[in-house]
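**Q** Have a look at this one before I ask anything.
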Amino acid sequence: MHRDIVILSTADWDNPTWTNKQHVAVELARRGYRVFYVNSLGLRRPSASGRDLQRIFRRLRMAFRKPRQVRPNLWVWSPLAIPLQGSRFLRRVNRLIVSQSLYFWLRVLKFNRQILWTYNPMTMEFLRLTDFGKTVYHCVDDIKAQPDMPAKDIQAAEEQLVASCNVCFVTSLQLLENCRRINPDTHYFPNVADYRHFSKALSDETPLQAALEQMPKPMIGFIGAISSYKVDFELIRSLGLAHPDWSIVMIGQVGEGDPHTDVSTLTGLPNIHLLGPRPYADLPSYLKAFDVAILPSNLNDYTRSMFPMKFFEYLAAGKPVVATDLHALHPFRDFAYLASDHGDFARGVEAALRGEGPDLERRLELAQQQTYEQRTERMLQLIPGELLG
């Protein structure tokens, strides 16, 4: 009998900025599970922006395609879901469309409904948990705190999901507190990294990206979603103004999850370079050029529950890390510089450039302990009745 898992994601498989969802799917497939990966159903209210309209039309095109096998044991499918879910009637229509089309393709591919592994806090608006043997809720963000989200609807649905699922995994201590009061079978697993991939930045065989070769040193780098609710643009601008000799490189999609993002305060500075998203496979060759890797996060309701994925990826690449003093990073404050304000952040970067702080060996040792292989193994052991193959 096959060991099958349906992953209900909140990130599309082809997004160049990979998240927990893609990495977990790959690791489960590598372990012999057959994985049916469902692309995002779109919880955020769409805006009239060109990007959102393009996203809707792209989803409509993909919704009429059959699931595609992207790796051994791993299939990806894009469901048809109505993005305007303000009415109870439309939510019922969505539930019918999503559930019945999902079950159709599971039958075609001879998938068992053994485990539903969901990242979507509104899962029960689309599916009945009793249609699956076990349900895992992997809570990696406080999604309701993102811009344009139906916060009250998400909170009510998420509380019902947490209470109903068999086991809940969370990535920050704040999320642990939120979920464990509802479901005691909630477990804390911070975000981790693909160590083998990002440690390529340390290899002599990894070439530098041509786009970075001519930039002046030192180079201060950031990789991730460049969105106004996540990134402190004022902090980035202050670094660029105070240190015109620094090349500040930002790699990622501008406005990911927030189409209202305005980066005009950054684009006017000649030493701040917004390169846009880059393929996941190429990220080590960009990181190789960084002298310091930064996590310049805003402090708000969303980031209070966030564990930045890039933290261990930076460490695996051998880079000194300077970050905003996020609560989720406190257990690892001996391995990075956590800054309390803008001035302190600049001092942290200056100290890292002087070679101060935790040495490379300690940073790499920690990164080697925080991998998807180890974390997934521990997670599977906590799913009731699950047998590890």
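The values are calculated or read from the model by the stated rules, or taken from the named source; none is laboratory data. Nothing here was measured: the structure is a model prediction, and the numbers come from that model. Heads up, the Cβs are rebuilt from the backbone with ideal geometry, glycines too, and the neighbour counts pull from every protein chain shown. What goes into the accessible areas is simple: the full protein's heavy atoms, side chains included, and nothing from ligands, DNA or RNA. Shrake-Rupley method; radii C 1.70, N 1.55, O 1.52, S 1.80 Å.
**Q** Report yes if residue 381 is closer than 24 Å to residue 187 by Cβ and either surrounded by fewer than 16 Cβ atoms within 10 Å (Cβ to Cβ) or touching a Cys at 6+ places or on another chain (Cβ under 7 Å) (or both), otherwise no.
**A** yes
**Q** What residue, among those in the range 1-12 that are modelled with pLDDT of 95 or more and either of a type in the set (A, V, I, L, M, F, W, C) or farther than 10 Å from residue 38 by Cβ (or both), is surrounded by the fewest Cβ atoms within 10 Å (Cβ to Cβ)?
**A** Looking at residues that are modelled with pLDDT of 95 or more and either of a type in the set (A, V, I, L, M, F, W, C) or farther than 10 Å from residue 38 by Cβ (or both), I get 4.
**Q** Here is a list of conditions, (1) in contact (Cβ under 8 Å) with a residue 40 or more places away in the chain; (2) closer than 18 Å to residue 248 by Cα; (3) among the hydrophobic types (A, V, I, L, M, F, W, C); (4) surrounded by fewer than 22 Cβ atoms within 10 Å (Cβ to Cβ), and residue 364 meets all of them except one; can you say which number that is?
**A** Here residue 364 meets the rest and fails (2).
**Q** Only one of (1) on the phi > 0 side of the Ramachandran plot; (2) in contact with a helix residue (DSSP H, G or I) (Cβ under 7 Å, 6 or more places away or on another chain) is not met by residue 212, so which one is it?
**A** (1)
**Q** Report the residue count in the range 208-257 for those that are part of a loop (DSSP other than H, G, I, E, B) and either open to solvent by less than 60 Å² (accessible area, probe 1.4 Å) or at pLDDT 95 or above (or both).
**A** 20
**Q** Here is a further query. Kindly indicate which of 113, 95, 107 is within 24 Å of residue 5 (Cβ to Cβ), open to solvent by 30 Å² or more (accessible area, probe 1.4 Å) and assigned to a loop (DSSP other than H, G, I, E, B).
**A** 113
**Q** Name the residue, out of 107, 91, that is of a type outside the set (Gly, Ala, Ser) and touching a helix residue (DSSP H, G or I) at 6+ places or on another chain (Cβ under 9 Å).
**A** 91
**Q** Would you say residue 176 is open to solvent by less than 20 Å² (accessible area, probe 1.4 Å) and not in a strand (DSSP E or B)? Break it down stepwise before answering.
**A** Details: open to solvent by less than 20 Å² (accessible area, probe 1.4 Å): no; not in a strand (DSSP E or B): yes.
No: the conditions fail for residue 176.
**Q** Here's something else I'd like to know. Kindly list the number of the only condition in (1) outside any helix (DSSP H, G or I); (2) open to solvent by 10 Å² or more (accessible area, probe 1.4 Å); (3) in contact with a Ser or Thr (Cβ under 9 Å, 6 or more places away or on another chain) that fails for residue 323.
**A** (2)
**Q** Got a number for residues in the range 300-320 being surrounded by fewer than 24 Cβ atoms within 10 Å (Cβ to Cβ) and of a type in the set (Gly, Ala, Ser)?
**A** Total satisfying the criteria: 1.
**Q** Name the single residue that is nearest to the chain's Cα centre (by Cα) among those in the range 145-155 being among the hydrophobic types (A, V, I, L, M, F, W, C) and buried (at least 16 other Cβ atoms within 10 Å of the Cβ).
**A** Here the answer is 145.
**Q** Out of curiosity, is residue 344 farther than 20 Å from residue 190 by Cβ and either at pLDDT below 95 or touching a Ser or Thr at 6+ places or on another chain (Cβ under 6 Å) (or both)?
**A** no
**Q** Residues that are under 16 Å from the mean Cα position of the chain (by Cα) and within 30 Å of residue 149 (Cα to Cα): does the range 214-223 have at least one?
**A** Residues of the range 214-223 under 16 Å from the mean Cα position of the chain (by Cα): 222-223.
This time we only want the ones that are within 30 Å of residue 149 (Cα to Cα), so: 222-223.
Yes, there is a match, as at least one residue in the range 214-223 is under 16 Å from the mean Cα position of the chain (by Cα) and within 30 Å of residue 149 (Cα to Cα).
**Q** For the range 326-357, give me each residue that is crowded, with 17+ Cβ neighbours inside 10 Å and not in a helix (DSSP H, G or I).
**A** Answer for the range 326-357, where residues must be crowded, with 17+ Cβ neighbours inside 10 Å and not in a helix (DSSP H, G or I): 326, 336, 337, 338, 339, 357.
**Q** All but one of (1) surrounded by 16 or more Cβ atoms within 10 Å (Cβ to Cβ); (2) part of a loop (DSSP other than H, G, I, E, B); (3) of a type outside the set (Asp, Glu); (4) without any contact (Cβ under 8 Å) to a residue 40 or more places away in the chain hold for residue 266, so report the exception by its number.
**A** So residue 266 meets the others, but not (2).
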